[in-house]
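Structure first, then comments.
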Amino acid sequence: MMRLKLGMIGGGQGAFIGAVHRIAARMDDQYELVCGAFSSDPAKSKASGLLLNLPENRVYNSYQELIEKEKQLPENERVQVISIVTPNHLHFAPAKEALENGFHVILDKPATFSLQEAKDLQKVIEQTGNFFCLTHTYTGYPMVKEARQFALSGKLGKIRKVYVEYPQGWLSKFEEGGNNKQASWRTDPTKSGMAGAMGDIGTHVFNLCEYVSNLSVTKLCADVNIVVEGRQLDDDGAVLLKFNNGASGVLMATQVAAGEENNVKIRVYGENGGIEWQQFDANSLLVKLLDKPVEVYRTGGSYTSSFAQKNTRTPAGHPEGYLEAFANLYKNFAFTIQAHLAGKTPEPEWLDFPGIEEGIRGMAFIENVIASGKSSEKWTDFKI
């Protein structure tokens, strides 16, 4: 299958996530980066494009210019997929314009600045018929996909409990007061939205718990905190959850757990046993059934599901991590588009990437959690 022509909005010099997206896109050789508008600063955009060996005429001063000029190129030259890796307040407008002009979109999470924008974006996707992927990275891990298959198989029995956590320590100090670009925009309500930690990492673990359990949150009770003096947005919180099958859960997301890195962790328990996965040992899934000793399922094992195997690149014992998980989203999205272009039906494993539905629920999570944190009620309905 021909490589898809990829463009990027944002992700220029000094941006962390832009480089991650480009590595993910290159890993399986399904994309070719052909253009970009890498910064709102034209000079910085040009310099970034030069470092990426792009021709000068395919490096643009704005996302509007990128979309307009690429649309005018012959079909065999113009960009096909646009990856948007800007701060949250600059997600909706470029995504909407790209979709309306015939381009498929890969968007960094959370989907938009507000829930209403996410709903509006869903309408655009439905109207245009173009494909959309939201990069909730952790669902790309082979053993996370294996965990979901365990829950779906019924081997655990009816799901009763879900525990999910994301501890970080990088904002334990007032980092936004200096030259930390990431801290500056992620703690700024005009750029990040109404939530800090709950929007930045809380949405990741919320998505993870619904993905693995195959359940939907229906009620929640949140404790949301600003720990570091002078900070404008939450940097710590915990949420009690109720799911649509009657199960309960606990979600923790904090950026002030000094000394912690990014050890995302999930545990799911049913009537017959539980499963446990954490990013620090991403190649392992612990399976704890009532009538058996604890089993360790490993990435690359021939006994794993097709969803795990088709998202594994190396033989068992060769670790795959964050970049490979990110790349799985790009790969599955590419295979889906390529199948569509060839008039074929995508395989179920290829369609296993987050989309606008997850984006809407993620934005609803943010708004419901912040509202619950301010409310005196113990439980509030999960409203969309």
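The values are calculated or read from the model by the stated rules, or taken from the named source; none is laboratory data. A quick note: this is a predicted structure, and the numbers were derived from the prediction, not measured. Cβ atoms come from the backbone with ideal geometry, glycine included; neighbour counts cover every protein chain shown.
Remarks
- Residue within region 264-283 that is at pLDDT below 95 and surrounded by fewer than 18 Cβ atoms within 10 Å (Cβ to Cβ) present: no
- GLY300 satisfies every condition listed in (1) touching a Ser or Thr at 6+ places or on another chain (Cβ under 6 Å); (2) under 28 Å from ALA247 (Cβ atoms); (3) outside any strand (DSSP E or B) except (2).
- Verdict on VAL162 being in contact with a Cys (Cβ under 8 Å, 6 or more places away or on another chain), closer than 23 Å to PHE113 by Cα and crowded, with 24+ Cβ neighbours inside 10 Å: no
- Going through (1) of a type in the set (A, V, I, L, M, F, W, C); (2) surrounded by 20 or more Cβ atoms within 10 Å (Cβ to Cβ); (3) at pLDDT below 95 one by one, MET2 falls short only on (2).
- Restricting attention to region 357-384 and to residues that are in a loop (DSSP other than H, G, I, E, B) and not hydroxyl-bearing (Ser, Thr, Tyr), the residue that is farthest from VAL205 (Cα to Cα) turns out to be GLU377.
- Restricting region 243-257 to residues that are exposed (fewer than 15 other Cβ atoms within 10 Å of the Cβ) and under 24 Å from the mean Cα position of the chain (by Cα), the residue that is nearest to ARG186 (Cα to Cα) is SER248.
- Residue match in region 342-355 (condition: assigned to a helix (DSSP H, G or I) and at pLDDT 95 or above): no
Okay, residues lined up against (1) touching a residue at least 12 places away in the same chain (Cβ under 8 Å); (2) buried (at least 22 other Cβ atoms within 10 Å of the Cβ):
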| site | (1), (2) |
| --- | --- |
| GLY102 | yes, no |
| PHE113 | yes, yes |
| LYS119 | yes, no |
| GLN122 | yes, no |
| SER153 | no, no |
| GLY157 | yes, no |
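- Taking each residue of region 31-56 that is more than 28 Å from PHE333 (Cβ to Cβ) and modelled with pLDDT under 95 and looking for partners that are part of a strand (DSSP E or B) and basic (Lys, Arg) with beta-carbon atoms closer than 7 Å, six or more apart or interchain, yields nothing.
- Residues of region 123-145 that turn out to be part of a helix (DSSP H, G or I) and within 12 Å of the chain's Cα centre (by Cα), as a count: 4
- Qualifying residue in region 350-362 (condition: of a type in the set (Val, Ile, Thr), touching a residue at least 40 places away in the same chain (Cβ under 8 Å) and under 26 Å from ARG22 (Cβ atoms)): yes
- Of residues in region 16-58 being of a type in the set (A, V, I, L, M, F, W, C) and crowded, with 23+ Cβ neighbours inside 10 Å, the one nearest to the chain's Cα centre (by Cα): ALA24
- Annotation note: of SER48, SER62, SER39, SER83, the sole residue that is closer than 29 Å to ILE370 by Cβ and of a type in the set (Gly, Ala, Ser) is SER83.
- All of LEU240, LEU220, LEU215, LEU171 fail the test of being more than 30 Å from SER153 (Cα to Cα), under 23 Å from the mean Cα position of the chain (by Cα) and not in a helix (DSSP H, G or I), apart from LEU171.
- Selection count where residues are in a strand (DSSP E or B), at negative phi and not acidic (Asp, Glu), scope region 243-281: 18
- Residue that is nearest to LEU251 (Cα to Cα) [pool: residues in region 282-297 that are assigned to a strand (DSSP E or B), more than 22 Å from the chain's Cα centre (by Cα) and not hydrophobic (A, V, I, L, M, F, W, C)]: LYS288
- So THR336, is it of a type in the set (Val, Ile, Thr), outside the structural domain of ALA25 (by TED's automatic domain parsing) and part of a loop (DSSP other than H, G, I, E, B): no
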